[in-house]
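Remarks on the structure that follows.
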Amino acid sequence: AIVIDCINRKYCKKLIIQIPNQFHPYHYHKRKEETFQVLWGELLLNLEGENHILKSGDQIVVGQGKKHSFTTKTGVIFEEISTTHHGNDSFYDDTKVYSDKSFRKTKLDNALFTFEQYDII
């Protein structure tokens, strides 16, 4: 997934973009509560073993400690609004996912774009 950090203060806002059939593995956060709101496409969220299909405009709260994973068949752009993001607060069930996020993530700073550029709205 492409994760664009927009704001990270007492609250956090991220944009998450996935291409079709991309999967983010099962994990949870001890400190963070998240709300996902789909802006475009369809998000398939597994939350504590229960499957949810979210479409444009839908939102769902993922509470602290709640295990979740997400994928998309169509591609998706969704907003994550949460409490403060802490770099050491993602715990994955799959032991192959390294705790060193620099191994599996590329940080994108100062991402400036509009949805109109990509004909999404």
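Annotations
- Every residue from segment 55-66 that is touching a strand residue (DSSP E or B) at 6+ places or on another chain (Cβ under 6 Å), of a type outside the set (Lys, Arg) and open to solvent by 10 Å² or more (accessible area, probe 1.4 Å): Ser56, Asp58, Gln59, Ile60, Val61, Gly65
- Enumeration of residues in segment 22-35 that are part of a strand (DSSP E or B) and not aromatic (Phe, Trp, Tyr): His24, Pro25, His27, Glu34, Thr35
- Residues satisfying the stated conditions in segment 28-38, i.e. buried (at least 17 other Cβ atoms within 10 Å of the Cβ) and not acidic (Asp, Glu): Tyr28, His29, Lys32, Phe36, Val38
- Residue in segment 67-90 that is among the acidic types (Asp, Glu) and either at pLDDT 95 or above or loosely packed, with under 11 Cβ neighbours inside 10 Å (or both) present: yes
- Checked against the criteria, Ile2 does not count as free of Cβ contacts under 8 Å to residues at least 12 places away in the same chain, out of contact with any Gly (no Cβ under 9 Å at 6 or more places or on another chain) and either more than 21 Å from His85 (Cα to Cα) or open to solvent by 60 Å² or more (accessible area, probe 1.4 Å) (or both).
- Screening Asn51, Asn46 for residues that are on the phi < 0 side of the Ramachandran plot, of a type in the set (S, T, N, Q), in contact with a strand residue (DSSP E or B) (Cβ under 9 Å, 6 or more places away or on another chain) and exposed (fewer than 12 other Cβ atoms within 10 Å of the Cβ) leaves exactly one candidate, Asn51.
- Given (1) part of a loop (DSSP other than H, G, I, E, B); (2) at pLDDT 95 or above, index of the condition Val38 fails: (1)
The values are calculated or read from the model by the stated rules, or taken from the named source; none is laboratory data. Since this is a predicted model, take the numbers as computed values, not measurements. Glycine also receives a Cβ, built like all others from the backbone with ideal geometry; neighbour counts cover every protein chain displayed. Protein only, heavy atoms only, side chains kept; ligands, DNA and RNA dropped before computing areas. Shrake-Rupley method; radii C 1.70, N 1.55, O 1.52, S 1.80 Å.
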